[in-house]
Amino acid sequence: MSSCENKELYEQLQAVIDQYKGKEGPLMPVMQKAQDLFGYLPIEVQNFIAEGLEVPLSDVYGVATFYAQFSLEPKGEYAIGVCMGTACYVKGSQKVLDALCKELDVPVGKTTPDGKFTLEATRCLGACGLAPVMMINDDVYGRLTEDDIPGIIAKYRTK
């Protein structure tokens, strides 16, 4: 991101801060807009919000780390979520998750160095009949085994 783009994003965020400053409960909507603008909430953005709303940085950080919708790190082009709900777990989702960690060479909760994939363990995805299940962005994959992972990931590497 260029410094000009960055400056423009901060100007847009300042406008949102100005809109909510002094109103009750401004933190969540301001943080949501910041996440939309920047794609994640690095410490610099958290500090900007804290100063702008005149709240402690610890409040901003606390909200950012409590709610799953917020991310402190940039997300990959492809967000991979492996269901770890009961049905999926019983049918082998941990093996699928382990295979993804190995295939992508990245731990759960992190993004590959090329920025292509972010790997997450999720709660129930609501497709228990297809257990174990994972989603890559909006694509659902069910009845997975660890042997399925290399072929699925290969399709996204070439996109």
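Largest first, how would I43, I17 line up by accessible area (1.4 Å probe)?
Listed by decreasing accessible area, they come as I43, I17.
Rounded to the nearest Å, what's the spacing between the alpha carbon centres of segment 12-51 and segment 70-129? Just the number, please.
28 Å
Near E77, within a Cβ-to-Cβ distance under 10 Å, what is the net charge of the other residues, with Lys and Arg +1 and Asp and Glu -1?
Computed value for this residue: +2.
Report, ordered by chain and residue number, the lysines lying within cross-link reach of K75, taken as a straight Cα distance under 24 Å and ignoring same-chain residues fewer than 8 apart.
Answer for K75, where 24 Å is the Cα cut-off: K7, K33, K95, K102, K110, K116, K155, K159, listed by chain and number.
Report, to the nearest whole %, how much of the accessible area of the chain belongs to carbon and sulfur atoms, 1.4 Å probe, protein only.
On the way: 4780 of 9150 Å².
For the chain, the apolar C and S fraction of the accessible surface comes to 52 percent.
Can you check how the C-alpha radius of gyration of segment 28-138 compares to 2.2 N^0.38 Å, as a plain ratio?
Compactness ratio reported: 1.23.
What does the net charge come to around I43 if you take all other residues with beta carbon closer than 13 Å to its beta carbon, with K and R at +1 and D and E at -1?
For residues surrounding I43, the net value is -3.
Rolling a 1.4 Å sphere over the protein heavy atoms, what is the accessible area per residue of the chain, to the nearest Å²? Provide the component values of the computation, followed by the final result.
Working: 9150 Å² over 159 residues.
About 58 Å² of surface per residue is accessible.
Determine the sum of side-chain charges near A68: Lys and Arg each +1, Asp and Glu each -1, restricted to other residues whose C-beta is under 15 angstrom from that of A68.
Once all neighbours under 15 Å are counted, the net charge is 0.
In debye, nearest 20, what is the charge dipole magnitude of the chain about its Cα centre with +1 on Lys and Arg Cβ and -1 on Asp and Glu Cβ, if you could check?
540 debye
State the volume of the convex hull built on the alpha-carbon positions of segment 101-159, expressed per residue in Å³ and rounded to an integer.
In segment 101-159, the Cα convex hull volume per residue is 84 Å³.
Heavy atoms of the protein only, probe of 1.4 Å, neighbouring chains included. What is the accessible area of E73 in Å², nearest 10?
Only protein atoms counted, so the area is about 70 Å².
Based on the Cβ-Cβ distance from Q14 to D59, what FRET efficiency comes out when R0 is 25 Å, to the nearest 0.05? Please list the in-between numbers first.
Details: r = 19 Å, r/R0 = 0.74.
That gives a FRET efficiency of 0.85.
Take every DSSP beta bridge whose two residues both sit in the chain, then give the antiparallel share in percent to the nearest 5.
Working: 7 of 13 bridges.
The antiparallel proportion sits near 55 percent.
How much length, in nm to one decimal, is gained on full extension between E73 and Q94, taken as 0.36 nm per residue of separation minus their Cα-Cα distance? Before the final figure, lay out the partial values.
Working: separation 21, 0.36 × 21 = 7.56 nm, distance 2.37 nm.
Residue separation times 0.36 nm, minus the Cα-Cα distance, leaves 5.2 nm.
The values are calculated or read from the model by the stated rules, or taken from the named source; none is laboratory data. Only a predicted model underlies this, so the values are computations on that prediction, with no experimental measurement involved. Heads up, the Cβs are rebuilt from the backbone with ideal geometry, glycines too, and the neighbour counts pull from every protein chain shown. The area values use the complete protein model at the heavy-atom level, side chains included, leaving out ligands, DNA and RNA. Shrake-Rupley method; radii C 1.70, N 1.55, O 1.52, S 1.80 Å.
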